[in-house]
Structures are given as C-alpha cells and as structure tokens.
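To start, the structure under review is shown below, and the notes come after it.
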Amino acid sequence: MHTRTITQNSNEQINRLRRLGWNEHFESLTAEVELDRVARVISAQRGRFLISNGCNEWLCVPSGNMRHRQQVYPVTGDWVIANDMVVTQVLPRKNTLSRGEAGSRGKQEAAARREQPIAANIDTVFIVCGLDRDYNLRRIERYIALVYNCGMAPVVVLTKADLHASPEPFREEVEATAFGVPVVLTSIRDESGVSELFSHLGEGRTVSMIGSSGAGKSTLANRLQGSEIQSTGAVSESLGKGRHTTTARELIAMPCGGLLMDNPGIREIAFAQSGDGLDTTFADIRALAESCRFADCSHGHEPGCAVQRAVDSGELSQARLDSYRKLQRELNYVQARDEKSADRVERERWKGVAMEIKRMNKRNKR
C-alpha cells in the first residue's frame, strides 16, 4: 500500500510538471532528482524568481553560488531545483534563446562577446512583425536565422493585417523568403489567424514571442489568452516605433494548455552563438551553391558561380544575397570568437595546473 501511494504521488507530480512542459528530455537527465523539488521558472527579474511545480507558485531567491555567477543563472523557462525559498540548481537546458547584448551588433569589441539569454526550453518562437512600418524582410531573415541557431522552430506572425485591403501578398512574399517556415496573418478586428497559432500551443508546449516594440506582441498575447493580461501601447506615427509595453518575461498559461512568453521589443538582433541557422534560413542559396565550380566559392566574382548566375537571371534577388553575406560575416566572427575563447580557457586551465604543480614541488622540497 505504501509503495502504491508513493508511485501514485510520483505519477501525479510528473503529470503536473508535464503540463508545464516537462518531457522525456528532462526525465532522462534527472533520474536521480527528487521530483518534489523540481519547478519551472515562470518569471525572473531583479534577483527573484517566481517558480511553479504545477500545483503551487512561490517566490525564490538564487543561491549564493548563483549570485556570484559560479553556477548557471536561471532565466524564464528554466527547470530548477528549489530548496524551500532558494533556487539551488538549474537543470541542463534543452535549448536557450539568446542574442548578443544590446549595442553589440556589428561590433567586434568586448561588448560583442557578451551573450544575453532571453529564455530557455522553448519549443516554438513566434516572430511577430506588424504590417506597418515594422515590416522588413531582411529583419525577418535575421530573426529566423537567430531562432534556428538556438535550436527552436520559428513561426512568422504578421500582425495588423486589417491595415491593408489585401494583405495576402505580404504572406506570399514572406513564404517565398522563409522556406518551410509557417507564416500566419492576424488581424485585431477579427479572429483570423488565431486558430492557426493555437496549434502550436497544445498542452506542455512552450512558445516565446520576439519582435520589435509596437509589433503587436502584447495584443496578440491578449487575443490568444482571451483576456487583457498584457498592457498595450500606441505606435508613434512619426517614428513608426512603439514603447516597451512588456517589461518582464513571464510564462502565461494558455486556454489550450500551453505556455506563452511575451518579450520586450528587440531593436538589435545580434548573434550570440554560431550554428546551422544560416543554411536553414537560406536554403535556396545553399542549394544553388552546390552547383558552383569551387567548393569554397564566396559567391562574389568567381568563375562558374551558380549563385551569381541566379542573381543575373533574376531567380535570386541581389538584396537576399547581400543579406546572406552580411549574416555569414557575423556568424563567422562569432564562431572564430568562440573558438578563440575555448582555446584561451584551455590555456588558462593548464596554466593553473602548472602553477599548482610548481607549488607542490616547492612544498615537497621543504
């Protein structure tokens, strides 16, 4: 009877956690963890975390090691181990949505070396773009590459479709650029597009939204949740920019069982990590490049360049190729930076080992 009660309680705990996004990935990594100490970070701000175990929510503070950055610091979406009112450990992440720190885009200085985690353990990212001055194909490409690099699935959400009598061409233009990425048109005047988005918000699924200020993220969150959970702000007619109506990242429970996270508007989309996001985002250029004469073709002025032939024939736009080259330069820099950082860490580690050996030899001589 006692064993049956323990098993029943354990199953109930797992079911509660699964409603928060707990899945096989975490179960396989945390076989030795006590489930009653596992919780998810619902919101993280200024040294405090609101966490939930699927039954209760409570505020916690980070452990001393976390405060001094000797351990991974939690972000919204993390699974953590909590001891009463203290978060003591972050469980290994499935993925991390991160970008280069604001002000670092295009710079190869110290600021560009800092990574800014936005959220963790995300299944899908809604890339929200308004069909007003916010609409920009090149920026959408950059967002898609960022999301793919972070190991997540992108969905492009075009808001404010009611501003146009016929918004369908915008969807077609994005679909022609974002190969294989779902593109959804939404309007504030009706429920168009909402049902398509609900399919990504099933029970146990976690979705994050990113986009510029004023793109309509908070309005969309309200529409999906069915109530006014997020404040909204007007867009400046002169600048075409909105204010940061969302100031904190918080996981919001959706009626269909999933979790949605709004984010403050992003003005700069700088890459913080390398990956295969570029090849996935520009699958058309990658396919063309396979027919280039040289394997290391830069798609500039080399003879036999299939990519340049496509530009000359009108099959590929020069603007898209320029965008590809620009993102490739940035990601090449990030990769080179990471490799150098890894080498430096290894050198410093062996330097520390050598110094310790030297100290031991001195003690032995005494």
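Expected output is a single nm value to one decimal: the length gained when fully extending between GLU57 and SER199, i.e. 0.36 nm times separation in residues minus the C-alpha distance. What is it?
Details: separation 142, 0.36 × 142 = 51.12 nm, distance 2.67 nm.
That pair, GLU57 and SER199, stretches by 48.5 nm at full extension.
In this calculation the C-beta distance from ARG46 to ILE188 is compared with R0 = 30 Å, giving a FRET efficiency of 0.40. Amide H contacts of ASN95: ASN121, ILE122, each under 5 Å away and 5 or more positions distant or on a separate chain (H built 1.01 Å from N in the peptide plane; Pro and chain starts excluded). Taking the Cα centre of the stretch 2-90 as origin and assigning +1 to Lys and Arg Cβ atoms and -1 to Asp and Glu Cβ atoms, the resulting dipole is close to 320 debye. Ranked by the mean number of other Cβ atoms within 10 Å of their residues, highest first, the peptides 57-69, 204-216 come out as 204-216, 57-69.
Kirkwood Rh over Cα pairs of the stretch 277-343 into Stokes-Einstein at 4 °C, 1.567 mPa s: D in µm²/s? Don't skip to the end; give the middle numbers.
Values: Rh = 12.8 Å.
Once the numbers are plugged in, D ends up at 101 µm²/s.
Working note: Karplus 6.51/-1.76/1.60 with θ = phi - 60° gives the stretch 78-86 the couplings 5, 9, 10, 9, 10, 10, 6, 9, 10 Hz, where Gly and Pro are set to x. When MET261, MET85, MET152 are arranged by Cβ crowding within 10 Å, least crowded first, meaning fewest neighbours, the order is MET85, MET152, MET261.
For ASP78, the residues 5 or more places off, or on other chains, whose built amide H falls under 5 Å of its own are VAL41, ALA120. Our coupling estimate for the stretch 128-140, obtained by passing each phi through the Karplus curve with A = 6.51, B = -1.76, C = 1.60 and θ = phi - 60°, is 9, 9, x, 8, 10, 5, 6, 5, 7, 4, 5, 5, 4 Hz, Gly and Pro reported as x.
Residues whose amide H falls under 5 Å from that of TRP58, counting only those 5 or more places apart or on a different chain, are ILE51, with hydrogens built in the peptide plane.
Of the residues GLY54, TYR73, SER28, the one whose Cα sits farthest towards the positive end of the charge dipole of the stretch 27-81 is TYR73 (charges of +1 on Lys and Arg Cβ, -1 on Asp and Glu Cβ, taken about the Cα centre).
Counted residue by residue at 0.36 nm each, then reduced by the alpha carbon distance between them, the extension gain from ASP276 to ASP84 reaches 65.1 nm.
Multiply the residue separation of ARG69 and GLU315 by 0.36 nm, subtract the distance between their alpha-carbon atoms, and state the gained length in nm to one decimal. Kindly include the intermediate steps, with their values, before the conclusion.
Values: separation 246, 0.36 × 246 = 88.56 nm, distance 5.02 nm.
Full extension from ARG69 to GLU315 adds 83.5 nm.
Whole-Hz Karplus values for the stretch 313-321 come out as 8, x, 5, 10, 7, 5, 4, 5, 5 Hz, taken residue by residue from phi with 6.51 cos²θ - 1.76 cosθ + 1.60 and θ = phi - 60°; glycine and proline positions read x. Here, P(r) means the percent of Cα pairs in each 10 Å bin from 0 to the largest distance; for the stretch 2-90 it is 17, 49, 27, 6, 0.
In debye to the nearest 20, how big a dipole does the stretch 277-343 give about its Cα centre with +1 on each Lys and Arg Cβ and -1 on each Asp and Glu Cβ?
Magnitude of the dipole: close to 140 debye.
Values in this text are rule-based calculations from the coordinates and carry no lab data. What you see is a predicted model; the values in this text were computed from it and never measured. Cβ sites come from the backbone with ideal geometry, for glycine too, and all protein chains shown count toward neighbours.
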